[in-house]
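Just below is one structure, and these are the notes that go with it.
Derivation of every value follows stated rules applied to the coordinates shown; laboratory data play no part. Just so it is clear, the structure is predicted and the values come from calculations on it, not from any experiment. With ideal geometry, Cβ positions are generated from the backbone for all residues, glycine too; neighbour counts draw on all protein chains shown.
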Ligand code: ACO
């Protein structure tokens, strides 16, 4: 298994992986926009034949004119690993590489994400393995009415 930065050529494989694993899906222009705008913080895992078996898609949020108190931070839009490649540590590695790039390349002070309240595997990854904390619960965040946990991890001492 090889983990490396996502390239434009990987986008079809990343999108296919996302479609298999999650109900939150995005048009190709969304994948393209993220990897071209923040080319250092999205990563893929590929098998020995070069097939994409996992990815993390992430972005950087800059403080807006209206909210100068906000800090530069990373945001994980989506992560998934194909079912037969789970519990091998791939998601952990993808997240750590993205977090490291957010901090060292983009000077992000923290990383945020949303996760379904019922997604036990992902919550365990974020909270128990990576040290994220729940910042707030966003009621009916998802299209089907499920609440999201808004989670954050400081990157300041990373
Ligand atoms: N049950 C409990 N804990 C789990 C599970 C699980 N099924 N899967 C992972 N973990 C936790 C464990 O603490 C694990 O460490 P351990 O194996 O030493 O016990 C740790 O996370 C690291 O696990 P990895 O092997 O790195 O995780 P994996 O590569 O299997 O991917 C993921 C985890 C991404 C959640 C995978 O299950 C998946 O693709 N699920 C479907 C898509 C999804 O839910 N994505 C997240 C949506 S939220 C978002 O995208 C921001």
Legend entry - Residues (part of a helix (DSSP H, G or I) and surrounded by 14 or more Cβ atoms within 10 Å (Cβ to Cβ)) located in the range 122-145: 122, 123, 125, 126, 127
Inset, instruction - Filter the range 17-33 down to residues that are within 13 Å of the ligand (Cβ to nearest atom) and surrounded by 14 or more Cβ atoms within 10 Å (Cβ to Cβ) and give me whichever is farthest from residue 121 (Cα to Cα). - result: 26
Legend entry - Of residues in the range 34-70 being touching a strand residue (DSSP E or B) at 6+ places or on another chain (Cβ under 6 Å) and in a loop (DSSP other than H, G, I, E, B), the one farthest from the ligand (Cβ to nearest atom): 38
Inset, instruction - Answer with yes or no whether residue 101 is under 18 Å from residue 35 (Cα atoms) and outside any loop (DSSP other than H, G, I, E, B). - result: yes
Legend entry - In the range 71-99, the residues that are surrounded by fewer than 19 Cβ atoms within 10 Å (Cβ to Cβ), more than 22 Å from residue 15 (Cβ to Cβ) and more than 8 Å from the ligand (Cβ to nearest atom): 71, 72, 96
Inset, instruction - For residue 109, state whether it is within 8 Å of the ligand (Cβ to nearest atom) and touching a strand residue (DSSP E or B) at 6+ places or on another chain (Cβ under 7 Å). - result: no
Legend entry - Check on residue 111, more than 20 Å from residue 150 (Cβ to Cβ), crowded, with 19+ Cβ neighbours inside 10 Å, touching a residue at least 40 places away in the same chain (Cβ under 8 Å) and under 16 Å from the mean Cα position of the chain (by Cα): no
Legend entry - Of residues in the range 146-158 being free of Cβ contacts under 8 Å to residues at least 40 places away in the same chain and out of contact with any helix residue (DSSP H, G or I) (no Cβ under 9 Å at 6 or more places or on another chain), the one surrounded by the most Cβ atoms within 10 Å (Cβ to Cβ): 148
Inset, instruction - Run residue 53 past the list (1) touching a helix residue (DSSP H, G or I) at 6+ places or on another chain (Cβ under 8 Å); (2) free of Cβ contacts under 8 Å to residues at least 24 places away in the same chain and report the number of the one that doesn't hold. - result: (2)
